[in-house]
Amino acid sequence: MKKAQAWGMDLMIAGIIFITAIIALYLYSLNYSNEGEEILKELQSDGETMASLLLSEGAPVDWNITSVIVPGISSANKINDTKLGYLYTLSVNNYTRTQLMLNTKYNYFIFFSTPMVIQGNTVSGIGMNTSSPSNLITITHYTSYQNKLATMYVQLWN
């Protein structure tokens, strides 16, 4: 009689473990799908903030590589080539610092619909360019660059 009771107790414990595992898997699968949406919302928010900071005059207004707090690249509602060159130099020399100044923890790449000429050289963009990003978003803003209407693209990914 004790053998049957011990076997019944083992069956109940195994059933409880099995049901707990099924519930845990179900809860994980519900929460896993929301993580991707949350990351994309955060990327979108960071991208909009970054684009707004870039299209401002920056802080201080007449900033340079040593005095910059916020690297805005506009002056009089147009892209300022000097500030753009400073931002490019900053991103090459200290990419992590530019992430902090642009208020993002994500990787970024900034480029325009027209070729960028910085310090006499044509460059593809500012920041880190990657071929296979995860969770990529692109923010688009229209601005004036080299006296022409241009589109500024800000890409962020993790």
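We did not get these values from a lab; they are worked out from the coordinates using the rules stated. Everything numeric in this text was worked out from a predicted model, so none of it was measured. Counting neighbours? That spans all protein chains shown, and the Cβs are built from the backbone with ideal geometry, glycine included.
If the condition is being over 21 Å from Asn135 (Cβ atoms) and of a type outside the set (A, V, I, L, M, F, W, C), then the range 17-51 contributes Thr20, Tyr26.
So, in the range 57-88, of the ones that are in a helix (DSSP H, G or I) and among the aliphatic types (A, V, I, L, M), which residue ends up farthest from the chain's Cα centre (by Cα)? Result: Leu84.
Conditions tested, residue by residue: (1) of a type in the set (D, E, K, R); (2) surrounded by 16 or more Cβ atoms within 10 Å (Cβ to Cβ).
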| site | (1), (2) |
| --- | --- |
| Glu57 | yes, yes |
| Ile69 | no, no |
| Lys78 | yes, no |
| Gly85 | no, yes |
| Thr96 | no, no |
| Tyr108 | no, yes |
| Phe112 | no, yes |
| His141 | no, no |
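Looking only at the range 56-74, residues that are more than 15 Å from Leu84 (Cβ to Cβ) and not hydrophobic (A, V, I, L, M, F, W, C) come to 3 in all.
With respect to the conditions (1) of a type outside the set (S, T, N, Q); (2) in contact with a Ser or Thr (Cβ under 8 Å, 6 or more places away or on another chain); (3) outside any helix (DSSP H, G or I), Asp46 lacks only one, and its number is (3). Within the range 114-139, if we keep just the residues that are aliphatic (A, V, I, L, M) and assigned to a strand (DSSP E or B), the residue that is surrounded by the most Cβ atoms within 10 Å (Cβ to Cβ) turns out to be Ile126. Checked against (1) touching a helix residue (DSSP H, G or I) at 6+ places or on another chain (Cβ under 6 Å); (2) loosely packed, with under 13 Cβ neighbours inside 10 Å; (3) of a type in the set (A, V, I, L, M), Leu100 passes all but a single condition, namely (1). Might you check whether a residue that is farther than 21 Å from Lys41 by Cα and assigned to a loop (DSSP other than H, G, I, E, B) occurs anywhere in the range 95-110? The answer is no; no qualifying residue exists. Checked against (1) surrounded by 13 or more Cβ atoms within 10 Å (Cβ to Cβ); (2) in contact with a helix residue (DSSP H, G or I) (Cβ under 8 Å, 6 or more places away or on another chain), Gly47 meets all criteria but (2).
Being in contact with a strand residue (DSSP E or B) (Cβ under 7 Å, 6 or more places away or on another chain), outside any loop (DSSP other than H, G, I, E, B) and hydroxyl-bearing (Ser, Thr, Tyr) is the requirement here; does Ser144 meet it? Yes, satisfied. Taking each residue of the range 129-151 that is more than 19 Å from Asp46 (Cβ to Cβ) and looking for partners that are of a type in the set (Phe, Trp, Tyr) and part of a strand (DSSP E or B) with beta-carbon atoms closer than 7 Å, six or more apart or interchain, yields Tyr145/Phe112; Leu149/Tyr142; Ala150/Phe112; Thr151/Phe112; Thr151/Tyr142.
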